[in-house]
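K.L.:
Structure incoming, see below.
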Amino acid sequence: MSPSAPKVYVSRKFHFSASHRVYNPSWSDEKNAEVFGPCSNPTGHGHNYELEVIVAGTPHPETGYVIDIAYLRRLIEERIISQLDHRHLNTDVAFLAGRIPSSENLIVAIWEQIQPLLPEGVTLVELRLWETPRNCFIYHGQKA
């Protein structure tokens, strides 16, 4: 990207519903309840999540697009949302295997899934994950 080329950010929101149990399997039920409270309920609990995906790049000279937003929508819905929606995050989502499915770990795992799927010249710059209207988790990837 040349110094004079504009960098434009494109954002798209997605929705999914999922359940999970936040707990450390190496701890007792008592310690999990002490640390995680009702989130460690053995039968789990659920959220109606909102995921915002923000990418950036230079508008292509032939289309004016950083990324075709319909392509971005299909990509995220087919490769990410379809794996998460109406699933139990502890047991049904392969890319979360071995992780405590906290929202912090979930957003990092989603980033790891999306980043390699984007076309050349498009950079994933931020994810925002709302688990409730008041609780939002933001991730910018690993900085080298």
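K.L.:
Does the range 23-30 contain at least one residue that is out of contact with any Pro (no Cβ under 7 Å at 6 or more places or on another chain) and surrounded by 13 or more Cβ atoms within 10 Å (Cβ to Cβ)?
P.N.:
yes
K.L.:
Determine whether ILE69 is more than 22 Å from VAL93 (Cα to Cα), in contact (Cβ under 8 Å) with a residue 40 or more places away in the chain and in contact with a Ser or Thr (Cβ under 6 Å, 6 or more places away or on another chain).
P.N.:
The answer is no for ILE69.
K.L.:
Another one. Of everything in the range 69-122 that's among the hydroxyl-bearing types (Ser, Thr, Tyr) and assigned to a helix (DSSP H, G or I), which residue is farthest from GLU50 (Cα to Cα)?
P.N.:
By that ranking, first place goes to TYR71.
K.L.:
Still on this model: Under 7 Å by Cβ, and 6 or more places apart or on different chains, what pairs join a residue from the range 31-47 that is within 13 Å of SER102 (Cβ to Cβ) and in contact (Cβ under 8 Å) with a residue 60 or more places away in the chain with one that is surrounded by 15 or more Cβ atoms within 10 Å (Cβ to Cβ) and of a type outside the set (Ser, Thr, Tyr)?
P.N.:
The qualifying pairs are HIS47/ALA18; HIS47/GLU131.
K.L.:
Moving on. I want to confirm something. Restricting to the range 88-137 and keeping residues that are closer than 23 Å to GLU78 by Cβ and among the hydroxyl-bearing types (Ser, Thr, Tyr), which single residue is surrounded by the most Cβ atoms within 10 Å (Cβ to Cβ)?
P.N.:
Among those residues, the one meeting the criterion is SER103.
K.L.:
Can you pull out the residues in the range 120-144 that are out of contact with any strand residue (DSSP E or B) (no Cβ under 9 Å at 6 or more places or on another chain) and modelled with pLDDT under 95?
P.N.:
Residues satisfying the conditions are GLU120, GLN142, LYS143, ALA144.
K.L.:
Checking the condition modelled with pLDDT of 95 or more and under 15 Å from THR123 (Cα atoms), which residue from VAL66, VAL22 passes?
P.N.:
Unique residue meeting the criteria: VAL66.
K.L.:
Could you give me the residue pairs with C-beta distances under 9 Å whose first residue belongs to the range 118-144 and is over 13 Å from VAL108 (Cα atoms), whose second residue is among the hydrophobic types (A, V, I, L, M, F, W, C) and at pLDDT below 95 wherever it lies, and which are 6+ apart or on separate chains?
P.N.:
GLY121/MET1
K.L.:
I'd like the full set of residues that are over 15 Å from the mean Cα position of the chain (by Cα) and free of Cβ contacts under 8 Å to residues at least 60 places away in the same chain, limited to the range 75-96.
P.N.:
THR91, ASP92 - these are the residues of the range 75-96 that are over 15 Å from the mean Cα position of the chain (by Cα) and free of Cβ contacts under 8 Å to residues at least 60 places away in the same chain.
The values are calculated or read from the model by the stated rules, or taken from the named source; none is laboratory data. Just so it is clear, the structure is predicted and the values come from calculations on it, not from any experiment. Note that each Cβ is placed from the backbone with ideal geometry, even for glycine, and that neighbours are counted across all protein chains shown.
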